[in-house]
1. Sort 242, 51 by heavy-atom solvent-accessible area, probe 1.4 angstrom, most to least.
2. Positive end of the charge dipole of the chain (Lys, Arg +1 and Asp, Glu -1 on Cβ, about the Cα centre): tell me which of 180, 153, 262 has its Cα farthest that way.
3. If you plug each phi of segment 32-39 into the Karplus form 6.51 cos²θ - 1.76 cosθ + 1.60 with θ = phi - 60°, what whole-Hz ³J(HN,Hα) values come out, in order, with x for Gly and Pro?
4. How many Å² of accessible area per residue for segment 1-114, probe 1.4 Å?
5. For residue 21 and residue 304, compute 0.36 nm times the residue count separating them, minus their Cα-Cα distance, and round to one decimal in nm.
6. What shape does segment 1-56 have by the C-alpha gyration tensor, where a ≥ b ≥ c are the square roots of the eigenvalues, rounded means a/c under 1.5, and otherwise prolate means a/b greater than b/c and oblate the rest?
7. Pull up the cross-link candidates among the lysines for residue 313, meaning alpha carbon to alpha carbon under 29 Å and not fewer than 8 places away within one chain.
8. What whole-number value in Å² describes the accessible area per residue of segment 215-301 for a 1.4 Å probe?
Amino acid sequence: MRAFTYERAPDAQAAVAAASMPGAKYISGGTNLLDLMKLEIEQPTHLVDISRLPFKAIAELPGGGLRIGAQAANSDVTADRRVRTRYAVLSQALLAGASGQLRNKASIGGNLVQRTRCPYFYDTAADCNKRDPGSGCAAIGGFNRIHAILGASDACIATHPSDMAVALTALEAQIELLGADQTTRRVAIGDFYRLPGDTPHTETVLGPGEMITGVTLPPPPPGRQIYRKVRDRASYEFALVSVAAIIAANEGRITAARVAFGGVAPKPWRSVEAEAALTGRPATMATFREAAEVAMVDAVGRGQNDFKIDLAKRTLCRTLAQAAQAG
């Protein structure tokens, strides 16, 4: 690990000012950043500790929404009664991620900006445009079993690792940000992440020094919420494919639908095409299969990850069937 300096920010304004300096990075739970620093993939010269800033509360919003502070622990959000009863897909996604110990330490803000688990990103001897822009992508033509089938580019085929962000995408969450100039803004989670294109090292719309202060959830949409994660082992593993689905049905017909995938793209992948194929249709397996085909129509495998296309279709069908049955 490279040498670095450290400070604990006394307030949010001081934090963004300190983190705006070249070489500075925020640290909160550190569950991803410290591993990357030990491997010298991340090499900050200065760490700004924001873990004690007053952004841990989960609060009701006028109109029925919920605001979650960026420093709230994943485990606290998972256990919150309001989250479990009104935003079950979020609670289920958080429970599916990492171990209990990591959920106790990891923050909501940190979860949103965790880095990919592409093995070539972590192998400093391998070419990786995300780690070393312009060096190439060893995953293309390499061992790419876990890699993206949607939204990738010729520069990067890594997937986004967060389960939580997939659920937040289905819930249409907003991300609250505080900029280096002390201005605040909100960004829809669908606009927060960038596709790799020619610049895979730029993963979000965060500006230099900009800090996540909270996540706003609108009132819960109607219908049953389900998060299903398919992975190589039952716990402490990242998704091969995951689905966040919210389905409302009346007399056997789907009245509203939201669908987001994880593990298949460089960002949480909302499928408005699948939602359109579901809404107004009978809640039957035939409808679910049609929606799955539409959702994966642009999917591209690269050999070892070809299986993900069919796996994503089957996972979506099973999740929709479960949601519709209970809806």
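1. Sorted descending by solvent-accessible area, the residues read 51, 242.
2. So the residue furthest toward the plus end is 262.
3. Those phi angles translate into 10, 4, 5, 4, 5, 5, 4, 7 Hz.
4. That works out to 46 Å² per residue.
5. Between residue 21 and residue 304, full extension yields an extra 97.7 nm.
6. oblate
7. Reachable lysines: 130, 229, 267.
8. 43
The values are calculated or read from the model by the stated rules, or taken from the named source; none is laboratory data. Keep in mind that what you see is a predicted model, and the values were worked out from it rather than measured. Here the Cβ is made from the backbone with ideal geometry for all residues, glycine too, and neighbour counts use every protein chain on show. Accessible surface is based on the protein model in full, side chains and every heavy atom, while ligands, DNA and RNA are left aside. Shrake-Rupley method; radii C 1.70, N 1.55, O 1.52, S 1.80 Å.
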